[in-house]
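Accompanying notes for the structure given below.
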Amino acid sequence: MIGIEYAKSLIDIHPDLDKCMDEFKTFISFYDELSPVMKSPGISSLNKHEIIDKSFKSFTKEFIYFLYVVIDNDRFAYLKEIFDEFEKLYNEKNNIALCNVYSNKKLSEKEKKQIIDYLTKKLGKNVVLKEIIDEDIIGIKIDALGSTIDYSLESRINNMRFSI
């Protein structure tokens, strides 16, 4: 609940969502490193602001002010949730579908392109694949927008069982 409210606010205040996404991804990559300091009640909000200012000088003022609000409202622990919600809203606005592809080996560029082309046509969205290696799968399983397309051997065997 907190995540969506902050994510919506960030989208409302930031004039360049692509830049904002880049800044948010960069900041999240330092989350584990910054977390002990930012969550510490012994460090003042002003000192936390200074750390942000010195560490992220190239960030836009809108994103920096957003971080100040997160810190001042003691919401740093929710930052990954806020990022997840922001990413969903960003993808929605940009007609992007994030799709997980599970296979037992790394896919070739040709296989990735075929999957992207198929999903783009099927979903009517720009597709971004996240490749996940699962050595227990023989074949491919795709999670796209809450649906699963299962081309694994296990699925095919199960389907044959039900048809017999």
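The values are calculated or read from the model by the stated rules, or taken from the named source; none is laboratory data. Worth saying up front: this structure is predicted, and the values here are computed from it rather than measured. All Cβ positions, even for glycine, are placed from backbone atoms using ideal geometry, and neighbour counts span all protein chains on display.
What are the pairs with Cβ atoms under 9 angstrom where one residue, in segment 1-18, is closer than 10 Å to residue 90 by Cβ and the other, located anywhere, is of a type in the set (Gly, Ala, Ser) and in a helix (DSSP H, G or I)? Sequence gap at least six, or different chains.
No pair meets every condition.
What number of residues in segment 106-118 are loosely packed, with under 12 Cβ neighbours inside 10 Å and in contact with a strand residue (DSSP E or B) (Cβ under 9 Å, 6 or more places away or on another chain)?
Matching residues across segment 106-118 total 2.
Restricting to helices (runs of 4 or more DSSP H) lying wholly in segment 42-101: which have 2 or more residues that are touching a residue at least 40 places away in the same chain (Cβ under 8 Å) and within 14 Å of the chain's Cα centre (by Cα)?
79-93
Any chance segment 71-82 includes a residue that's on the phi > 0 side of the Ramachandran plot, surrounded by fewer than 17 Cβ atoms within 10 Å (Cβ to Cβ) and of a type outside the set (A, V, I, L, M, F, W, C)?
Checking segment 71-82: at least one residue is on the phi > 0 side of the Ramachandran plot, surrounded by fewer than 17 Cβ atoms within 10 Å (Cβ to Cβ) and of a type outside the set (A, V, I, L, M, F, W, C).
Quick check on segment 116-123. Is at least one of its residues farther than 22 Å from residue 7 by Cα, among the aromatic types (Phe, Trp, Tyr), within 19 Å of the chain's Cα centre (by Cα) and at pLDDT below 95?
no
Answer yes or no as to whether residue 46 is crowded, with 16+ Cβ neighbours inside 10 Å, modelled with pLDDT of 95 or more and either over 20 Å from residue 126 (Cβ atoms) or assigned by TED's automatic domain parsing to the domain that holds residue 117 (or both).
No; evaluated as a whole, the condition is false for this residue.
For segment 8-56, which residues satisfy the criterion of being among the β-branched types (Val, Ile, Thr), within 14 Å of residue 87 (Cα to Cα) and in contact with a helix residue (DSSP H, G or I) (Cβ under 8 Å, 6 or more places away or on another chain)?
Those that are among the β-branched types (Val, Ile, Thr), within 14 Å of residue 87 (Cα to Cα) and in contact with a helix residue (DSSP H, G or I) (Cβ under 8 Å, 6 or more places away or on another chain): 11, 28.
Among the candidates 141, 130, 121, which residue alone is loosely packed, with under 15 Cβ neighbours inside 10 Å, of a type outside the set (Val, Ile, Thr) and farther than 20 Å from residue 84 by Cβ?
The conditions single out 121.
Of all residues in segment 124-135, count the ones that are part of a loop (DSSP other than H, G, I, E, B) and either farther than 27 Å from residue 3 by Cα or assigned by TED's automatic domain parsing to the domain that holds residue 8 (or both).
Looking only at that region, the number is 3.
Looking at (1) β-branched (Val, Ile, Thr); (2) touching an Asp or Glu at 6+ places or on another chain (Cβ under 7 Å); (3) closer than 23 Å to residue 10 by Cα, which is the only condition residue 52 fails?
(2)
With respect to residue 105, determine if the residue is modelled with pLDDT under 95, within 29 Å of residue 144 (Cα to Cα) and either assigned by TED's automatic domain parsing to the domain that holds residue 142 or more than 15 Å from the chain's Cα centre (by Cα) (or both).
Against the criterion (modelled with pLDDT under 95, within 29 Å of residue 144 (Cα to Cα) and either assigned by TED's automatic domain parsing to the domain that holds residue 142 or more than 15 Å from the chain's Cα centre (by Cα) (or both)), residue 105 qualifies.
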